[in-house]
1. Given the criterion within 15 Å of Q79 (Cα to Cα) and touching a His at 6+ places or on another chain (Cβ under 8 Å), identify the matching residue among L103, L177.
2. Surrounded by fewer than 16 Cβ atoms within 10 Å (Cβ to Cβ) and either farther than 20 Å from D63 by Cα or in contact with a helix residue (DSSP H, G or I) (Cβ under 9 Å, 6 or more places away or on another chain) (or both): is that true of G169 in this structure?
3. Answer with yes or no whether A49 is in a helix (DSSP H, G or I), modelled with pLDDT under 85 and of a type in the set (A, V, I, L, M, F, W, C).
Amino acid sequence: MKKDPYSNSPISNDDIDMFRQSITGARVFKQDTHRFTNKPKVSQAKQFAQQKKQQQSEFFFSDEYIPDIDTNGMVNYVQDGQDRFLAKQLRRGDFVPDLTLDLHGLNKESAKDELAGLIHECKKKHYYCACIIHGIGGHILRHKVPQYLVQHPDVIAMHQAPLEYGGKGAVLILINLPQSDEFRR
């Protein structure tokens, strides 16, 4: 003899019978699961931001332009019209980077996008100094990153980072900020 599964439940047998009577005539419905085949649309604002970032990186950073800086030795650059002492201050570690960008594992095109994003973020948040870790590896980014940075009008100085910030595998940069005298250290 089968045991009634509802015998230990707090619901009485009368309630169960009343429920069964109320659902007589009900039938099983077909599951109508819908599977989307297309990717969800990217918001227009996000798409516009990506396009703008791509255009900025293409505009400022050219692979064809090779500036007159030594990328084999110690990287050292100060924009024309700026104080030459800035490079020495960067070398000594007088400036502490507010942001650090690690480019390990990126190719040249991705590195361009990230550099444009870093400079934009520095200007937006009023960060004066940033550290870019390009690594040593195959020497591709080690040579290209300084060449890209020299081309950007908002990079006023650059120097190989002190050991505590990455040494030969990194550079420190100073960003030209609007009203930069208020934000300098």
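The values are calculated or read from the model by the stated rules, or taken from the named source; none is laboratory data. Model, not experiment: these values are computed from the prediction. Here the Cβ positions follow ideal geometry from the backbone for every residue, glycine too, while neighbour counts run over all protein chains shown.
1. Answer to the check: L177.
2. Working: surrounded by fewer than 16 Cβ atoms within 10 Å (Cβ to Cβ): no; either farther than 20 Å from D63 by Cα or in contact with a helix residue (DSSP H, G or I) (Cβ under 9 Å, 6 or more places away or on another chain) (or both): yes.
When the stated conditions are applied, G169 does not pass them.
3. Working: in a helix (DSSP H, G or I): yes; modelled with pLDDT under 85: yes; of a type in the set (A, V, I, L, M, F, W, C): yes.
Yes: the conditions hold for A49.
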